[in-house]
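A.B. asks: The following block contains the structure, expressed as structure tokens.
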Amino acid sequence: MGPSEFKLNNPPEDLISAVKFGSKSNQYMAASSWDGTLRFYDVAANSMRQKFVQDAPILDCAFMNIVHVVSGGLDNQLRMYDVNTQAETLVGAHDEPIRCVEHAEYVNGILTGSWDKTVKLWDMREKRCVGSFEQNNGKVYSMSVIDEKIVVATSDRKVLIWDLRKTDSYIMKRESSLKYQTRCIRLFPNKEGYVMSSIEGRVAVEYLDHDPEVQRRKFAFKCHRNRDHNIEQIYPVNAVSFHNIYHTFATGGSDCIVNIWDGFNKKRLCQFHEYDTSISSLNFSADGSALAIGCSYLDQFTETPATVPNPAIYIRYPTDQETKQK
């Protein structure tokens, strides 16, 4: 392991549900976990600066700004933490667990997606819900927001596209082009489409414009699979993260592998080494200079191995050769 990659000290003690960099920085990072903790790291110093502990697993987190981090989890509650004062605020709740938390910079609010089949928009100053988006009877499994645009992937293999300013109705509803359950969805940085991944070693690249010329560019591909003695092992693709500058993207799977893809030219740019266990979460910093890699065992084997690897977070500083379109 060269200087381009290192392991963070004090990782969570159970499944890492999310790793997220601060919005303007590759120095600060937050991680949420099934151990009930939200951890705040100074990556440059390789130190955990704060740890907040809840009674229930935390399923996602996001930075509101550089000193405020928010989380949602199995206790249905949205919380905000001040990493300077260690103050913790209960902002509001859903009727069911909160699966996704995103910062909606466009309106300076927080979006939460829940298994109660809604996405809610929160005004963090007033600590109240200012909008609710009904997800057409699907539990929210993954969500992505850029500017005014939201994409939501639901439990019934639907994808709903919303405009943040219009809560009464979605702009578009689509069937997933992947046959199996969705694990992750992420908007292109230019908002022209999205990438989604499934439990069946497959990723789809989709475009929003209905123009047949544009639709011809969509495609899906197999990945995170390997062949052993003529038996193909197929792994879930748990995580997707875009490089905001080059518009390439990383995928992480239960095969313990991270790949970087060029979706426009339909090719893989590189594959990192094999990690200790499944990749449960990935996040590029805003400038693409750093990639956080959350590794945790996801109960993917029919029999639990004798020794389950400990959760770990790796920080990698990828080269242009690894992330830039050729």
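A.B. asks: Taking the condition free of Cβ contacts under 8 Å to residues at least 40 places away in the same chain, in contact with a Phe, Trp or Tyr (Cβ under 8 Å, 6 or more places away or on another chain) and closer than 23 Å to ILE199 by Cβ, does ILE257 pass?
C.D. replies: yes
A.B. asks: Identify all residues within the stretch 6-58 that are under 21 Å from SER144 (Cα atoms), open to solvent by less than 10 Å² (accessible area, probe 1.4 Å) and in a strand (DSSP E or B); write none if there are none.
C.D. replies: ILE16, ALA18, VAL19, MET29, ALA30, ALA31, SER32, SER33, LEU38, ILE58
A.B. asks: Could I ask something else about it? Can you say whether PHE242 is within 22 Å of CYS61 (Cβ to Cβ) and crowded, with 18+ Cβ neighbours inside 10 Å, as far as the supplied structure shows?
C.D. replies: Yes: the conditions hold for PHE242.
A.B. asks: Sticking with this one: Of all residues in the stretch 153-179, which are of a type in the set (A, V, I, L, M, F, W, C), assigned to a strand (DSSP E or B) and open to solvent by 40 Å² or more (accessible area, probe 1.4 Å)?
C.D. replies: If the condition is that a residue be of a type in the set (A, V, I, L, M, F, W, C), assigned to a strand (DSSP E or B) and open to solvent by 40 Å² or more (accessible area, probe 1.4 Å), then no residue fits.
A.B. asks: Out of everything in the stretch 280-304 that is at pLDDT below 80 and closer than 18 Å to ALA239 by Cα, what residue ends up being most open to solvent (accessible area, probe 1.4 Å)?
C.D. replies: ASP299
A.B. asks: May I pose another question? Looking at the stretch 7-14, can you tell me whether even one residue there is out of contact with any Lys or Arg (no Cβ under 8 Å at 6 or more places or on another chain) and closer than 19 Å to MET143 by Cα?
C.D. replies: no
A.B. asks: Against the condition touching a Gly at 6+ places or on another chain (Cβ under 6 Å) and either more than 17 Å from VAL240 (Cβ to Cβ) or not hydrophobic (A, V, I, L, M, F, W, C) (or both), how does SER285 come out, does it pass?
C.D. replies: no
A.B. asks: Same structure, new question: In the list THR277, THR319, which residue meets the criterion of being more than 17 Å from the chain's Cα centre (by Cα), open to solvent by 40 Å² or more (accessible area, probe 1.4 Å) and not charged (D, E, K, R)?
C.D. replies: Being more than 17 Å from the chain's Cα centre (by Cα), open to solvent by 40 Å² or more (accessible area, probe 1.4 Å) and not charged (D, E, K, R) holds for just one of THR277, THR319, which is THR319.
A.B. asks: Now, a different point. If I filter the stretch 305-316 for residues that are within 20 Å of CYS184 (Cα to Cα), modelled with pLDDT under 95 and surrounded by 15 or more Cβ atoms within 10 Å (Cβ to Cβ), do I get at least one hit?
C.D. replies: no
A.B. asks: Among the residues of the stretch 118-143, which ones are among the polar types (S, T, N, Q), farther than 15 Å from LEU78 by Cβ and part of a strand (DSSP E or B)?
C.D. replies: Start the filter on the stretch 118-143 by keeping residues that are among the polar types (S, T, N, Q), which leaves 118, 132, 135-137, 142.
Filter again for farther than 15 Å from LEU78 by Cβ, leaving 135-137, 142.
Scanning the stretch 118-143 gives a single hit, SER142.
A.B. asks: Could you pull out the residue among PHE249, PHE264 that is open to solvent by 70 Å² or more (accessible area, probe 1.4 Å) and touching a residue at least 60 places away in the same chain (Cβ under 8 Å)? Steps first, please.
C.D. replies: Details: PHE249 fails: open to solvent by 70 Å² or more (accessible area, probe 1.4 Å).
Unique residue meeting the criteria: PHE264.
A.B. asks: All but one of (1) closer than 21 Å to ARG186 by Cα; (2) β-branched (Val, Ile, Thr); (3) open to solvent by less than 10 Å² (accessible area, probe 1.4 Å) hold for ILE257, so report the exception by its number.
C.D. replies: (3)
A.B. asks: Since PHE219 meets every condition but one in (1) modelled with pLDDT of 95 or more; (2) touching a strand residue (DSSP E or B) at 6+ places or on another chain (Cβ under 8 Å); (3) surrounded by 14 or more Cβ atoms within 10 Å (Cβ to Cβ), which condition does it not meet?
C.D. replies: (3) is the only condition that PHE219 fails.
A.B. asks: I'm told ALA286 meets every condition in (1) within 15 Å of the chain's Cα centre (by Cα); (2) part of a strand (DSSP E or B) except one. Can you identify the failing condition by its number?
C.D. replies: Every condition holds for ALA286 apart from (2).
A.B. asks: Kindly evaluate ARG202 against the criterion of being of a type in the set (Lys, Arg) and either under 19 Å from PRO236 (Cα atoms) or modelled with pLDDT of 95 or more (or both).
C.D. replies: Judged against the criteria, ARG202 is a match.
A.B. asks: If you go through the stretch 85-126 one residue at a time, how many are on the phi > 0 side of the Ramachandran plot and at pLDDT below 95?
C.D. replies: Total meeting the criteria: 1.
The values are calculated or read from the model by the stated rules, or taken from the named source; none is laboratory data. For clarity, every value in this text was computed on a predicted model and none was experimentally measured. Counting neighbours? That spans all protein chains shown, and the Cβs are built from the backbone with ideal geometry, glycine included. Please note that ligands, DNA and RNA were not included when accessible areas were found on the heavy atoms of the full protein model with its side chains. Shrake-Rupley method; radii C 1.70, N 1.55, O 1.52, S 1.80 Å.
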